[in-house]
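See structure below.
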Amino acid sequence: MKGFKTGGRTEGTPNKLTAEVKEKLQVLIDDVVDNIDVSRLDDNQKIKLLQIGIQYIVPRLKHTSSDDDWHEQPIFPTHVDIISRDENDEWQHDIQPLKQVN
């Protein structure tokens, strides 16, 4: 049996302390992000930064199919195709795995 509420915040009223903490954290995060010098990051650090940031921008998709052959695909590429011309001016393809970012 559910009890009766006799005091405190009314239902739906935001917690003042939580709102203040969230606001201060947002200011801190904004300051840190504004001061990141992306030009000083190496490629792996840039990719890691994108991986972290994209989680807060792109909504996660839910699997709605009942297809048993479906496998989750990585968001970021795992290999790169390096295209160049050889000494005979022919196109060369060299598929290389990307370095892992930890």
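The values are calculated or read from the model by the stated rules, or taken from the named source; none is laboratory data. Since the model is a prediction, treat every value here as computed from it, not as a measurement. Here the Cβ is made from the backbone with ideal geometry for all residues, glycine too, and neighbour counts use every protein chain on show.
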Residues satisfying the stated conditions in segment 36-73, i.e. at pLDDT 85 or above and over 19 Å from the mean Cα position of the chain (by Cα): S39, R40
Segment 74-102 - residue that is among the β-branched types (V, I, T) and under 21 Å from the mean Cα position of the chain (by Cα) and, of those, modelled with the lowest pLDDT: V101
Matching residues, segment 43-57, being surrounded by 10 or more Cβ atoms within 10 Å (Cβ to Cβ) and not aliphatic (A, V, I, L, M): D43, N44, Q45, K46, K48, Q51, G53, Q55
Contacts under 8 angstrom Cβ, first residue in segment 13-42 being within 15 Å of G53 (Cβ to Cβ), partner surrounded by 10 or more Cβ atoms within 10 Å (Cβ to Cβ) and not β-branched (V, I, T), 6 or more apart: I36/L49; V38/K46; V38/L49; L41/L49
